[in-house]
Amino acid sequence: MTRASILLVDDEEGILKTLGRALREEGHEVVAVTRAREAERIMAARSFDLLVVDNRMPERTGLEMIRDLGAGTPETERPEVVMMTAHATIESAIEAMKLGAFDYLQKPFEVDELLVVARRALEHQRLRTQHRYLLSERDEEFNHYGIVGRSRAIQELIRKLELVAQSKSTVLVTGETGTGKELAARAIHDRSAQRQMPLIKVNCAAIPETLLESELFGHVKGAFTGAITGKKGKFVLADGGTIFLDEIGTMSPALQAKLLRVLQEREVEPLGSEQTLQVDVRVIAATNRDLRRMVTEGTFQEDLFYRLSVIPIQIPPLRERREDIPALVEHFVRKHQQRTGKRIDQVSDDALVALHAYDWPGNVRELENTIERAVVLATTPLIGPGQIQMLGASAQAPSGLPSLNLRQNVEWAEKETMRRALERGGGVKKEAAELMGISQRALSYYLAKYRIE
Ligand SMILES: Nc1ncnc2c1ncn2[C@@H]1O[C@H](COP(=O)(O)OP(=O)(O)OP(=O)(O)O)[C@@H](O)[C@H]1O
Ligand SMILES: [Mg+2]
């Protein structure tokens, strides 16, 4: 079970204590308040995964709170709700469910009952988020597989990808980090006749050299110490489909030679095996290095280079196609407001000017991160220059980050933004808050959340 945030509201202190302790022991972050009004104030400032609320309270009933929540909060920001009712008033419980509550608990109940219900509610919430995310991903597919841009370079790229998709030729995609190499590789596969077959990605830089060979070509039982079972290689798994060899420039010379043989013979030899296996796989390789130069320097095999670059696709850096920036900004604003449930009507001219002027060493990925941060930090439907914070290439997400989930990504970005704003503001909170265009209260909340001193 992942850690969730839970808001507990009940006018009886004793109940709050017992339930709060149990939920914290499950590893959750719990905020417990006795007053409905206070709960509403907190919810206006931040979101929770789950709200557990008593119905009968002096200021407002739980039902009233649930009703307002439904009316005033975007769906994506709404927590799951579990209502507690003391007096067997089943009607109010039913009413709560009609208003979208996930479940109710009739007092008195055992702590364990709450834990079970909470677990189910959080699972439900997770599925809801995932579902929404998948829907937004699917929308992207209809739109050139998410490749956005009006520049000649991008329009030509899209045309080229369509053509390449119809062949089974080997493709070499080059470009700086974050220019969309992986996006291009996926677009080719998704438009090819083999799209129902697997697309298997191997990040050559992420796998230790000693393991990469068996990862690619497989091994038989006993091939080396520790090989207690055989293993299929990625080439075999991709049979009939596409293998995407990312960061090909980091491959060792010995492995380069083996890969060259596979490309020539179209067969692989698992480690420790006497037999070769025929494979029918399209190869797409990608690199942000200058392979031609590596060839002259003797660190990349010339033959392999020519085998790979049957069809070369070069994606220019964003700073050389700045006319793509407005469309990309619009695309990412839409994407991230959908995910965060915020409403953004406009990006101000000043902000666009700043986005246009910057050099984007991290290219489209850096632009996307910048917009995601702006959407998260926005307190009004207008994104102004105050919300635009470029971190520069040096603050690129650590290499493990893309595999983290959205929440972790957002948390990383928030934390990094806070840290930098504080640094720039000379450690003065008021300055930092102004730099980011958020209230000091919001800043304090984030500082507490990430335990930043
Ligand atoms: N033209 C584009 N339109 C929309 N999104 C894009 C475009 N180009 C890149 N992106 C987005 O930017 C991010 C980075 O792209 P991608 O992972 O394909 O880059 P890359 O070239 O493989 O980078 P790296 O070399 O660091 O692996 C992705 O989220 C991708 O969807
Ligand atoms: Mg990549």
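Every number in this text was worked out from the coordinates using simple rules, so none of it is lab data. The structure displayed is predicted, hence computed values, not measured ones. When we count neighbours, we look across all protein chains shown, and the Cβ atoms used for this are built from the backbone with ideal geometry, even at glycine.
Once you place label points 7 Å from the Cα toward the Cβ at Thr229 and Lys415, how far apart are they in nm?
In this crude label model, Thr229 to Lys415 measures out at 3.5 nm.
³J(HN,Hα) across region 371-383 via Karplus (A = 6.51, B = -1.76, C = 1.60, θ = phi - 60°), whole Hz, x for Gly/Pro?
With coefficients 6.51, -1.76 and 1.60, one gets 5, 4, 4, 4, 5, 4, 7, 4, 10, 10, x, 10, 8 Hz.
Step by step: find N for the chain, compute 2.2 N^0.38 Å, then divide the Cα radius of gyration by it. What's the final number?
1.19
If amide hydrogens are placed 1.01 Å from N in the peptide plane, which non-local residues have theirs closer than 5 Å to the one on Gly362?
Answer set, sorted by chain and number: Ala393.
What size of dipole, in debye to the nearest 20, comes out for the chain about its Cα centre when the only charges are +1 on Lys and Arg C-beta atoms and -1 on Asp and Glu C-beta atoms?
Numbers: 62 positive and 66 negative charges, 106 e Å.
In debye, rounded to 20, the chain gives about 500.
From the phi of every residue in region 16-32, what ³J(HN,Hα) in whole Hz does the Karplus formula 6.51 cos²θ - 1.76 cosθ + 1.60 yield, where θ is phi - 60° and glycine or proline is x?
4, 4, 4, 5, x, 4, 4, 5, 5, 5, 6, x, 8, 8, 10, 10, 10
Based on DSSP H runs of at least 4 residues, each adding -39500 (n - 2.57), what is the mean residue ellipticity at 222 nm of the chain after dividing by all its residues, to the nearest 500 deg cm²/dmol?
Result for the chain: -15000 deg cm²/dmol, rounded to the nearest 500.
Normalising by the residue count of the chain, find the relative contact order in percent from Cα pairs under 8 Å and 6+ residues apart. Numbers along the way, then the final one.
Working: 711 pairs, mean separation 52.0, N = 453.
Contact order relative to length: 11 percent.
So how far, in whole Å, is the C-alpha centre of region 275-334 from the one of region 185-234?
19 Å
Specify whether the C-alpha gyration tensor of region 154-207 places it in the rounded, prolate or oblate class, a ≥ b ≥ c being the square roots of the eigenvalues: rounded for a/c under 1.5, otherwise prolate if a/b is larger than b/c and oblate if not.
Because a/c hits 1.5 or more and a/b fails to exceed b/c, region 154-207 counts as oblate.
How far is helix 325-340 tilted off the main Cα axis of the chain, in degrees rounded to 10, range 0 to 90?
50 degrees
What's the angle, to the nearest 10 degrees (0 to 90), between helix 111-141's Cα axis and the longest principal axis of the chain?
Rounded to the nearest ten degrees, it is 50.
Please list, in order along region 197-211, the HN-Hα scalar couplings obtained from phi with the Karplus expression 6.51 cos²θ - 1.76 cosθ + 1.60 (θ = phi - 60°), rounded to whole Hz, x for Gly and Pro.
8, x, 10, 10, 9, 10, 8, 5, 7, 8, 10, x, 3, 5, 8
Counting DSSP beta bridges with both partners in the chain, what percentage is antiparallel, nearest 5?
Percent antiparallel among DSSP bridges in the chain is about 10.
Name the long-range amide H neighbours of Leu271: under 5 Å, sequence gap of 5 or more, or other chain; modelled H, no Pro or chain starts.
Gly218, His219, Val220
Hey, what did region 155-237 get for relative contact order, percent, Cα under 8 Å, at least 6 apart?
Worked out over region 155-237, it gives 20 percent.
In terms of modelled amide H atoms, which long-range or inter-chain residues lie less than 5 Å from the amide H of Val81?
HN-HN under 5 Å from Val81: Leu51, Phe102, Asp103.
Shape call for region 1-119 from the C-alpha gyration tensor, a ≥ b ≥ c root eigenvalues: rounded (a/c under 1.5), prolate (a/b greater than b/c) or oblate?
rounded
Rank-order 73-81, 360-368 by packing density, defined as the average count of other C-beta atoms within 10 Å over each peptide's residues, highest first. The partial results should precede the final answer.
Values: 73-81: 17.9, 360-368: 21.6.
Highest mean packing first, the order is 360-368, 73-81.
On a full-extension model of 0.36 nm per residue, what is the gain between Ala45 and Ile311, subtracting their alpha-carbon distance, rounded to one decimal in nm?
Numbers: separation 266, 0.36 × 266 = 95.76 nm, distance 5.20 nm.
Stretched out fully, the Ala45 to Ile311 stretch lengthens by 90.6 nm.
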